[in-house]
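Comments concern the structure below.
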Amino acid sequence: MLIDSHAHLQDKDFSGEIDAVIQRAAEAGVQKIVCVGWDLESSRQAVNIARRHKGIYAVAGVHPHDASSLTSEVISKIYELAKDDKVVAIGEIGLDYYRNLSPQDVQKQAFIEQIRIARELHKPIVIHDRDAHQEVYNIVKKEKAGSNGGVMHCFSGHLPLAIDLMKEGFYLSLAGPVTYKNAKKTHEVAARVPMDRLMIETDCPYLTPEPQRGKRNEPAHVKLVAEKLAELRHKTLEEVAYLTSLNTQTVFRIKD
Ligand SMILES: [Zn+2]
Ligand SMILES: [Zn+2]
């Protein structure tokens, strides 16, 4: 069994096709999918999809791109939504200093507020970090953000940062970029981080793995990420599938 630990099934790219996409995933051995929100509306949609489909779980939160939308009213709505049993984590939250679609101080404030929601609800967090490694680490450490566990999704940092984050309680999730030829830094992380801290994801509809790169991504393609990880770790696909699924279920406390 494979798990796609980070997908955006509610994205408009999948509209009208969600059932077919989930079906294709099942045929590829992907039996569970974690559907992640990026703002209030997409978080609500994630919960609705999770309620309708067995094996789908929701993550609710506001992405750093949308940090400007996190008013105090939205914070209380995310808080209420996140109490739902189908919501396995708060996310995706974090910092994106590559695109800076919300001002950096607003991103930081939104990140901290949502870490606090997760701590109050005793839920893990899903972190998005792009070009903000040091700042993300500083906040995570100061706020004890890993106290209920969490995952650095689509991890793009160096091995030393991976080690520091693991000490703070985090798991690392690898996406399509690990299949790219020039992703040397990510190959090193994938090859050397302890197997009991690794997860896999698609981040679909983005980040399509090789050799499908250029097309729309979907959860079935998490198998390509698993195959690359198996190659880098000198393990079988079955071993990688088993271990990454176990880790995902541990972080998100998925029992069924
Ligand atoms: Zn992200
Ligand atoms: Zn994402």
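Worth pointing out:
- Test: residue in region 199-209 that is surrounded by fewer than 15 Cβ atoms within 10 Å (Cβ to Cβ) and of a type in the set (Asp, Glu): no
- Residue in region 185-195 that is open to solvent by less than 30 Å² (accessible area, probe 1.4 Å), within 16 Å of ligand 1 (Cβ to nearest atom), in contact with a Pro (Cβ under 7 Å, 6 or more places away or on another chain) and under 21 Å from Asp131 (Cα atoms) present: yes
- Listed by position, the strands (runs of 3 or more DSSP E) enclosed by region 1-89 that each have at least 1 residues that are of a type in the set (Lys, Arg) are 30-36.
- Just one of the listed residues (Val136, Val126, Val88, Val106) is touching a helix residue (DSSP H, G or I) at 6+ places or on another chain (Cβ under 7 Å) and hydrophobic (A, V, I, L, M, F, W, C), and it is Val106.
- Residue list for region 173-217, restricted to those being within 15 Å of ligand 2 (Cβ to nearest atom), out of contact with any Ser or Thr (no Cβ under 9 Å at 6 or more places or on another chain) and of a type in the set (A, V, I, L, M, F, W, C): Cys204, Leu207
Here's the yes/no breakdown for (1) within 16 Å of ligand 1 (Cβ to nearest atom); (2) at pLDDT below 95; (3) open to solvent by 20 Å² or more (accessible area, probe 1.4 Å):
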{"residue": "Ala7", "(1), (2), (3)": "yes, no, no"}
{"residue": "Gln23", "(1), (2), (3)": "no, no, yes"}
{"residue": "Gln45", "(1), (2), (3)": "no, no, yes"}
{"residue": "Asn48", "(1), (2), (3)": "no, no, yes"}
{"residue": "Gly55", "(1), (2), (3)": "no, no, no"}
{"residue": "Glu80", "(1), (2), (3)": "no, no, yes"}
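- Every residue from region 152-180 that is in contact (Cβ under 8 Å) with a residue 12 or more places away in the chain and either basic (Lys, Arg) or assigned to a loop (DSSP other than H, G, I, E, B) (or both): His153, Cys154, Phe155, Ser156, Gly157, His158, Glu168, Gly169, Ala175, Tyr180
- Test: residue in region 97-119 that is within 28 Å of Thr250 (Cβ to Cβ) and touching a residue at least 60 places away in the same chain (Cβ under 8 Å): no
- When Glu41, Glu17 are checked against the criterion of being among the acidic types (Asp, Glu) and either within 13 Å of Val87 (Cα to Cα) or more than 16 Å from ligand 2 (Cβ to nearest atom) (or both), a single residue qualifies: Glu17.
- Single unsatisfied condition, Gly149 versus (1) surrounded by fewer than 24 Cβ atoms within 10 Å (Cβ to Cβ); (2) away from ligand 1 (no atom under 16 Å from the Cβ); (3) free of Cβ contacts under 8 Å to residues at least 40 places away in the same chain: (3)
- Only one entry of Val30, Val88, Val62 meets the criterion of being within 16 Å of ligand 1 (Cβ to nearest atom), closer than 19 Å to Asp203 by Cβ and open to solvent by less than 50 Å² (accessible area, probe 1.4 Å), and that entry is Val62.
- Only one entry of Leu121, Leu101 meets the criterion of being within 16 Å of ligand 2 (Cβ to nearest atom), open to solvent by 30 Å² or more (accessible area, probe 1.4 Å) and more than 18 Å from the chain's Cα centre (by Cα), and that entry is Leu101.
- Residue in region 91-98 that is of a type in the set (Asp, Glu) and buried (at least 24 other Cβ atoms within 10 Å of the Cβ) present: yes
- Taking the criterion of being of a type in the set (A, V, I, L, M) and more than 16 Å from the chain's Cα centre (by Cα), the residues of region 50-81 that qualify are Ala67, Leu70, Val74, Ile75, Ile78, Leu81.
- Qualifying residue in region 124-143 (condition: away from ligand 2 (no atom under 16 Å from the Cβ), under 21 Å from Asp39 (Cβ atoms) and under 17 Å from the mean Cα position of the chain (by Cα)): no
The values are calculated or read from the model by the stated rules, or taken from the named source; none is laboratory data. Nothing here was measured: the structure is a model prediction, and the numbers come from that model. Cβ atoms come from the backbone with ideal geometry, glycine included; neighbour counts cover every protein chain shown. Quick note on the areas: whole protein, heavy atoms, side chains included, nothing else; ligands and nucleic acids left out. Shrake-Rupley method; radii C 1.70, N 1.55, O 1.52, S 1.80 Å.
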